[in-house]
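Undergrad: The following block contains the structure, expressed as structure tokens.
The values are calculated or read from the model by the stated rules, or taken from the named source; none is laboratory data. Only a predicted model underlies this, so the values are computations on that prediction, with no experimental measurement involved. Methodologically, a virtual Cβ is constructed for each residue, glycine included, from the backbone with ideal geometry; neighbour enumeration extends over all protein chains shown. Surface accessibility is based on the protein's heavy atoms, side chains included, excluding ligands, DNA and RNA. Shrake-Rupley method; radii C 1.70, N 1.55, O 1.52, S 1.80 Å.
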Amino acid sequence: MALVCKIELSQTDGITLTVINKDGNITQTATFDGTLITLTCKGEEDTSTITQATDSITIACKDFIVNAESITCKSTENTLHQATGTFGINSTKTATFSSSVDMTVSAATQMSLKAADFATTATNSAKVTALTTTINGDTKATVSGLELALTGTTQANLKAAAITVAADTTMNVQGLTTTVKGVTTNIQGTLVTLG
């Protein structure tokens with residue numbers, strides 16, 4: 001493989017280094033024009049470019065690959081990662097996402113969170129709002145609190161093969177119309193008042 005190498009010196013345009021690979025149809029160019037440093041690798045179909053100014057470095061290419069033992073990226077102001085296609089983050093060990101102030105995670109269509117054990121904790125308040133909300137435990141579901149309020153604007157249903165309702169002190173069952181019905185109905189107490 002024979003290469004054509006050129007060095008061009010100009011007091012107005014700077015320095016241009018060019019390597020031409022005629023067999024592979026590849027042209028490599030490095031230009032130093034006094035303002036920018038530009039590295040260009042041009043082939044038959046694709047071209048990659050690295051442009052360096054005094055305040056920025058811009059990389060334009062088809063595939064950008066970084067292989068390192070450890071990577072640290074820091075910005076004193078804003079950081080943006082954006083993909084018009086699939087965006088993936090994978091870790092074989094612990095992954096941590098944290099923010100010193102607010103954090104917003106949103107999806108336009110569907111969001112899934114999956115883990116062997118899942119815990120959500122808020123130091124102040126937690127709120128789940130949806131057009132339809134379902135909480136399911138295949139073995140057991142527990143809802144507890146210092147005070148517990150279950151409210152339905154139109155209707156509330158509690159249904160199971162067996163239901164136990166117990167209060168350590170006072171229990172009140174009230175309604176504009178109240179019906180207690182069963183194949184066998186027992187009303188027991190040391191003092192029972194009806195009416």
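Undergrad: Quick check, is Ala107 assigned to a loop (DSSP other than H, G, I, E, B), of a type in the set (Gly, Ala, Ser), over 29 Å from Thr193 (Cβ atoms) and out of contact with any strand residue (DSSP E or B) (no Cβ under 6 Å at 6 or more places or on another chain)?
TA: On the way: assigned to a loop (DSSP other than H, G, I, E, B): yes; of a type in the set (Gly, Ala, Ser): yes; over 29 Å from Thr193 (Cβ atoms): yes; out of contact with any strand residue (DSSP E or B) (no Cβ under 6 Å at 6 or more places or on another chain): yes.
Yes: the conditions hold for Ala107.
Undergrad: In this structure, does Ser106 turn out to be under 27 Å from Gly145 (Cα atoms), under 11 Å from the mean Cα position of the chain (by Cα) and at pLDDT 90 or above?
TA: Details: under 27 Å from Gly145 (Cα atoms): no; under 11 Å from the mean Cα position of the chain (by Cα): yes; at pLDDT 90 or above: yes.
So Ser106 does not fit the description; no.
Undergrad: Could you list, ordered by first residue, the pairs with Cβ atoms under 8 Å in which the first is in the range 75-92 and at pLDDT 95 or above and the second is among the basic types (Lys, Arg), at least 6 apart or interchain?
TA: none
Undergrad: Could you tell me whether Phe97 is among the aromatic types (Phe, Trp, Tyr), at pLDDT 95 or above and either loosely packed, with under 10 Cβ neighbours inside 10 Å or assigned to a loop (DSSP other than H, G, I, E, B) (or both)? Talk me through it step by step, then tell me what you get.
TA: Numbers: among the aromatic types (Phe, Trp, Tyr): yes; at pLDDT 95 or above: no; either loosely packed, with under 10 Cβ neighbours inside 10 Å or assigned to a loop (DSSP other than H, G, I, E, B) (or both): yes.
No, not satisfied.
Undergrad: For the range 58-86: of the residues being open to solvent by 100 Å² or more (accessible area, probe 1.4 Å) and of a type in the set (A, V, I, L, M), which is farthest from the chain's Cα centre (by Cα)?
TA: Within the range 58-86, the match that is farthest from the chain's Cα centre (by Cα) is Ile65.
Undergrad: Scan the range 57-64 and give yes if some residue there is of a type in the set (Phe, Trp, Tyr) and either touching a strand residue (DSSP E or B) at 6+ places or on another chain (Cβ under 6 Å) or within 20 Å of Ile7 (Cα to Cα) (or both), otherwise no.
TA: Pass one, the range 57-64, residues of a type in the set (Phe, Trp, Tyr): 64.
Then drop every residue that is not either touching a strand residue (DSSP E or B) at 6+ places or on another chain (Cβ under 6 Å) or within 20 Å of Ile7 (Cα to Cα) (or both), which leaves none.
No, the conditions are met nowhere in the range 57-64.
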